[in-house]
Amino acid sequence: GAGVSQSPRYKVAKRGQDVALRCDPISGHVSLFWYQQALGQGPEFLTYFQNEAQLDKSGLPSDRFFAERPEGSVSTLKIQRTQKEDSAVYLCASSGRLGGSGANEQFFGPGTRLTVL
Amino acid sequence: ELKVEQNPLFLSMQEGKNYTIYCNYSTTSDRLYWYRQDPGKSLESLFVLLSNGAVKQEGRLMASLDTKARLSTLHITAAVHDLSATYFCAVRGKLIFGQGTELSVKP
């Protein structure tokens with residue numbers, strides 16, 4: 001399909017391990033967002049890219065969280081030295097084809113469910 | 001700090017009944033989004049509301065936006081079981097989400 005894809009869908013990590021979560025946005029989408037969704041809560045913004053530029057990382061909870069999008073397409077969210085409180089679903093969304101409408105509707109991927117033991 | 005509040009947070013409805021979910025936000029936003037999330041699934045876009053007075057309808061769902069009151073409503077008409085899900089409203093570009101309304105439609 002042509003939607004946003006994320007991998008892995010499920011990840012179990014031992015406390016202290018590093019993890020890397022991948023997002024493939026919709027082809028041609030300029031903007032890419034990462035959100036964290038704790039159980040029973042609404043998603044919370046983590047970081048935002050426009051092409052390869054990370055324009056806003058104000059939602060990253062600590063310096064253990066790092067995101068990149070080196071070629072302006074695929075993005076990776078890396079969490080170092082995972083802690084139990086990092087357990088959540090990590091959602092990626094993309095929007096904004098060049099020349100598209102102004103709605104900037106975000107299309108979400110299926111998410112990666114991270115469990116830290 | 002921008003806050004988005006939904007009410008109710010939990011809604012148990014009978015099939016065939018009508019109800020409204022409310023979404024209030026604390027500062028100006030020129031657009032508002034409604035999403036649906038089924039258990040264990042990602043978010044599905046329902047509506048994008050771009051201007052004051054905007055109204056959009058899809059099937060049994062109708063959404064409206066009053067930017068002056070900083071209020072959006074999601075109205076459900078003649079609910080059916082298939083509408084059972086959690087509904088989120090969100091504002092701004094880096095989306096700020098409400099807490100979600102968990103809707104359960106019972107026969």
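A compact table of results
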{"item": "Rounded to 5, percent antiparallel among DSSP beta bridges of the protein assembly as shown", "result": "90 percent"}
{"item": "Restraint check, A:LYS57/B:LYS3; A:LYS14/B:LYS3; A:LYS84/B:LYS41; A:LYS84/B:LYS106; B:LYS41/B:LYS68; B:LYS68/B:LYS94, Cα-Cα greater than 26 Å", "result": "A:LYS14/B:LYS3; A:LYS84/B:LYS106; B:LYS41/B:LYS68"}
{"item": "Hz values of 3J(HN,Hα) by residue in region B:76-84 - Karplus curve (6.51, -1.76, 1.60), Gly and Pro given as x", "result": "10, 10, 6, 4, 10, 4, 4, 7, 4"}
{"item": "Where GluC sites (Glu not before Pro) fall in DSSP loop in region B:11-106, at most 13 other Cβ within 10 Å", "result": "B:GLU15"}
{"item": "Sparse-neighbour loop sites [chymotrypsin sites (Phe, Trp or Tyr not before Pro); region B:51-107; at most 15 other C-beta within 10 Å; DSSP]", "result": "none"}
{"item": "Cα-only radius of gyration and Dmax that characterise the protein assembly as shown, units Å", "result": "17.7, 51"}
{"item": "Whole-number Å³ per residue for the convex hull built on Cα positions in chain B", "result": "90 Å³"}
{"item": "Surface share of carbon and sulfur [accessible, 1.4 angstrom probe, percent] for chain B", "result": "49 percent"}
{"item": "Pairwise centroid distance, computed over Cα atoms, of region A:61-87 with region B:1-60, Å", "result": "29 Å"}
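The values are calculated or read from the model by the stated rules, or taken from the named source; none is laboratory data. Small disclaimer: the values here were computed from a predicted structure and weren't measured. A quick note on method: Cβ atoms are made from the backbone with ideal geometry, for glycine too, and the neighbour counts reach across all protein chains shown. Surface accessibility is based on the protein's heavy atoms, side chains included, excluding ligands, DNA and RNA. Shrake-Rupley method; radii C 1.70, N 1.55, O 1.52, S 1.80 Å.
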